Amino acid sequence: MKTQYMLGGALALALAAQPGIALAQSQNASGSDATVTDEGLGEIIVTAQRRKERLQDVAVSATAFDAGALADKAVTNLADLQNASPALSISDGGITQSINIRGIGLASNSPSVTAGVATYVDGLFQPPIVQGNSFYDLASVEVLRGPQGTLVGSNSTGGAIFINTQNPVLDAGLGGYAMFGGGNYGSVQSEAALNLPVSDTLGFRAAGFYRNRDSFYNSVGPVSNQAGKLREGGGRFTAMWKPGSFQAVAKVSFNDRDTGGYAYRPIIGTPYDAFRVGDIRSISFDTPVAERERAFQASLELRQELASGIVLRSVTGYQNKRINALNDIDASAGPGGIVEDYFAGEKVYTQEINIISPTDGRFDWILGGYFQRNDIAISILQNQVGFPTDIVGGNQRTTTGLFAQGNYEIAPGLEAQLGARYSTYKATGYGDVTIGNGIPGFPSGGLAVASLAGSHKDSLATGKFALNWKVDPDNLLYALVARGYKPGGFNSPTSNFDKERVISYEAGWKSAFLRNRIRTQISAFYNQYSNFQFNLVEPSTGFAGVENVSTVKIKGVEAQVQGRFGGFGFDLNGAFVDSDLASVTFVNTRPLGGANLGPQCPAGTPSAPPFCFDYAPFIQTTGGGPNLYAPRWTWGGGVEYEIPLGGEMSLTPRVNYAYVGEQFTYIGYSRLSDRLNPRGLLSAIVTLKISEALRIEAWGTNLTNKEYVTGQLNSNEFYGAPREYGVKLNVTF
């Protein structure tokens with residue numbers, strides 16, 4: 001572990017030691033496609049549809065950021081994106097992050113459930129574990145809202161997020177940047193990158209970062225812990241070869257993140273809430289905790305442009321992600337607590353092939369094929385008052401897709417777009433849940449009480465039809481209908497759950513005014529969403545399994561506006577999402593805690609966990625409510641003004657605000673235990689530009705020190721970061 005941290009830190013320090021290194025802000029140094037001029041806003045280029053396109057010309061509701069915009073809005077990791085993009089919510093579940101767009105995505109932390117918002121890094125699909133890594137040396141981030149059933153396929157019922165890292169810049173010469181910073185909670189951070197062109201056809205780029213800070217929490221339990229700290233490092237190496245019409249880009253990266261353990265507390269209304277101690281910054285564990293995440297990723301993108309203008313593209317990838325954790329399941333020093341030794345690992349192999357036509361005629365098209373295999377392994381060893389429960393197993397998933405999309409210009413400015421994709425999914429699993437391992441009277445290795453084995457297959461045709469009208473160079477109107485789906489899966493050899501499906505209807509208007517000084521996006525949508533997947537306890541076994549619990553109807557509107565008038569700039573965004581989850585009958589596990597209580601006791605037999613339990617008093621029927629992780633309102637924005645100080649010097653203060661409305665996390669709809677309260681977060685950054693090569697930044701996040709819950713895992717809840725502030729030194733060459 002220390003070796004990897006030293007590698008990441010050494011890389012950042014080594015690059016910083018080069019003379020004149022600075023933070024890349026210009027287009028040439030950073031590779032950014034978004035620029036700002038005195039005349040107004042520069043164009044934002046997106047690549048999610050496999051081509052470089054102006055965001056304002058793409059008939060999809062989307063938000064895109066370059067590296068500078070991410071820094072301005074204090075976006076340092078995936079979770080921060082919800083503070084900058086409308087209708088996006090990202091909830092902390094410890095093991096996974098529940099990413100939802102327009103109320104659709106992921107509401108279960110079961111390894112049997114796949115993501116509903118597809119997240120990609122450099123074209124590689126990311127599993128829902130190990131996604132809290134810090135951003136560094138990015139080119140852009142694109143958030144696409146609504147089902148992306150053609151080019152993305154399965155796992156995009158809510159939308160898709162594309163994270164693109166920097167490539168070498170062959171025509172920019174030797175260059176790079178370095179950043180050093182410090183702040184409260186003992187925060188220390190460094191980041192650096194070096195762009196090294198060898199010739200006009202070959203170049204390399206190396207980047208690295210290191211983050212270290214103390215925990216936000218006080219350990220007041222009988223066992224001292226450092227849960228919630230952060231020590232993280234990583235590096236990336238990129239090689240690009242571009243002789244003529246051929247281009248090859250190879251990337252290798254690693255990340256090592258140590259949080260000291262999950263920092264959570266019992267949810268009010270659960271069995272251990274009586275043992276909550278102090279305020280939300282006090283944790284009281286009676287066992288050591290730890291948590292470490294590691295990720296390795298390698299990708300190779302090949303592009304060949306033929307004489308006809310047709311482009312052949314191949315993206316090959318491999319990932320290996322792992323989590324090791326020691327958990328205090330009851331998050332307290334209360335009696336009868338559960339200690340857990342947790343491991344999850346996932347290897348992902350991907351291959352995509354595209355054939356992309358030129359766009360200089362009335363008809364253009366994209367053809368593609370996709371293959372993905374996920375190998376997942378889990379080992380969860382739990383011990384409650386000396387009684388062990390072991391959950392050991394895994395599964396393998398194979399996803400394929402064939403897709404095509406065509407655009408035809410019916411008349412000048414009027415285009416019809418048709419896309420279709422056929423996806424297949426297959427999952428097989430192995431493993432068992434055993435109890436009593438090592439306990440006298442139980443079989444050697446424990447008694448198997450449930451099987452993790454099983455298999456599932458499904459497939460579906462998805463796609464999109466749209467009419468896009470380019471009224472004039474500054475106005476685009478569009479209307480579309482799209483279909484997306486998320487695969488089903490299995491809980492055991494005899495228990496399967498079906499795929500989720502969504503049909504979305506959307507209309508939008510993108511425009512620019514005052515010689516591109518103001519740019520807007522407005523859209524309205526209506527979704528029909530079926531077979532919502534959620535974890536429920538099956539009384540006959542006592543174990544939680546995924547079921548298709550209900551249907552959902554979702555409708556809403558979104559709006560974005562950006563403006564630039566000389567040194568004054570601003571941006572605003574907002575979304576209203578109205579969702580309705582139909583009635584559900586289920587076992588309410590909130591008052592039961594996270595323990596395995598055993599199967600339903602025979603009639604007349606009293607409860608005797610973990611051998612049997614009477615679930616009847618805890619079965620309830622909801623009258624329906626909003627979909628989970630679907631805030632009704634999200635809105636925010638920022639404002640900045642550049643003050644010239646003479647010569648190259650300037651001072652630019654910027655203030656950001658982001659509001660995320662209340663969200664329900666559980667279908668019991670208790671306002672006490674199943675709800676994330678609304679929150680509004682204020683951040684600011686003041687940048688002193690001394691020269692093109694040197695900048696100093698003072699920054700602060702959550703300036704009002706808002707206390708809020710960011711997510712829940714079983715019977716425990718996580719909290720957002722308190723007020724943080726610090727200073728950064730940025731150097732560029």
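Quick notes
- The Ile522 and Leu402 beta-carbon pair, evaluated with R₀ = 41 Å, returns a calculated FRET efficiency of approximately 0.75.
- For the chain, the Cβ-based charge dipole about the Cα centre amounts to some 440 debye (Lys, Arg positive; Asp, Glu negative; other atoms uncharged).
- Cβ-to-Cβ counts within 10 Å put Arg675, Arg515, Arg231 in ascending order as Arg515, Arg675, Arg231, the fewest first.
- Under 5 Å between amide hydrogens, built in the peptide plane, is the criterion, and for Tyr719 it picks out Thr710 among residues at least 5 positions away or on other chains.
- Note that the stretch 657-674 has calculated 3J(HN,Hα) couplings of 9, 9, 10, 10, x, 4, 9, 9, 10, 8, 6, x, 6, 6, 6, 8, 10, 10 Hz, one per residue in order, obtained from phi through the Karplus relation 6.51 cos²θ - 1.76 cosθ + 1.60 (θ = phi - 60°); glycine and proline are x.
- For the peptides 356-363, 108-115, residues were scored by their other Cβ atoms within 10 Å and the scores averaged per peptide; the highest-first order is 108-115, 356-363.
- Residue (of Gln166, Ile366, Phe534) at the positive-pole extreme of the stretch 2-732, dipole from beta-carbon charges: Ile366
- Label-to-label distance, Phe371 versus Val188, with points set 7 angstrom from Cα along the beta-carbon direction: 4.7 nm.
- Between Val655 and Ser691, the modelled label-to-label distance comes to 3.4 nm, taking each label 7 Å out from Cα in the direction of the beta carbon.
- What the phi angles of the stretch 407-412 give under the Karplus curve with 6.51, -1.76 and 1.60, with θ = phi - 60°, is a coupling list of 10, 10, 7, 5, 8, x Hz, glycine and proline written as x.
- Ranked for footprinting exposure by Cβ neighbours inside 10 Å, fewest first, Tyr669, Tyr485 give Tyr669, Tyr485.
- Note on Lys426: aspartates and glutamates with a C-alpha under 17 Å away, same-chain residues under 8 apart excluded, are Glu346, Asp375, Asp458, Asp498, Glu500.
- Residue order, fewest to most surrounding Cβ atoms within 10 angstrom, among Leu581, Leu414, Leu681: Leu414, Leu681, Leu581
- Helical contribution to [θ] at 222 nm, DSSP H n ≥ 4, -39,500 (n - 2.57), averaged over the chain, rounded to 500: -1000 deg cm²/dmol
- Signed unit charges on C-beta, dipole axis of the stretch 2-732, positive-most listed residue Thr287, Gly233, Thr520: Thr520
- Applying 1/(1 + (r/R0)^6) with r as the Cβ-Cβ distance of Ser308 and Phe343 and R0 = 45 angstrom yields a FRET efficiency of 0.30.
- Of the GluC sites (Glu not before Pro) found in the stretch 672-728, those that fall in a DSSP loop while having at most 16 other beta-carbon atoms within 10 Å are Glu692, Glu707.
- Val481-Glu53 pseudo-label distance in nm [points 7 Å out on the Cα-to-Cβ vector]: 2.1
- Among residues other than Thr63 with Cβ under 11 Å from its Cβ, the summed charge is -1 (Lys and Arg +1, Asp and Glu -1).
- Environment charge at Thr428 (Cβ cut-off 10 Å; Lys +1, Arg +1, Asp -1, Glu -1): +3
- Set of aspartates and glutamates near Lys706 by C-alpha distance (under 14 Å), chain-local residues within fewer than 8 positions excluded: Asp279, Glu724
- In this calculation the C-beta distance from Ile353 to Ala274 is compared with R0 = 56 Å, giving a FRET efficiency of 0.45.
- Principal-axis analysis of the Cα atoms of the chain puts helix 2-16 at an angle of about 20° to the longest axis.
- Residue-span extension gain [Ile439 to Ser245] - 0.36 nm each, minus C-alpha spacing: 63.1 nm
- All lysines inside 20 Å of Lys242 as judged from Cα atoms, apart from same-chain residues fewer than 8 positions distant: Lys52, Lys251
- Check: the stretch 440-584 dipole with +1 on Lys, Arg Cβ and -1 on Asp, Glu Cβ, in debye: 620
- Cα centroid of the stretch 599-618 to Cα centroid of the stretch 388-411, whole Å: 40
We did not get these values from a lab; they are worked out from the coordinates using the rules stated. This is a predicted model, so every value here is computed, not measured. All Cβ positions, even for glycine, are placed from backbone atoms using ideal geometry, and neighbour counts span all protein chains on display.
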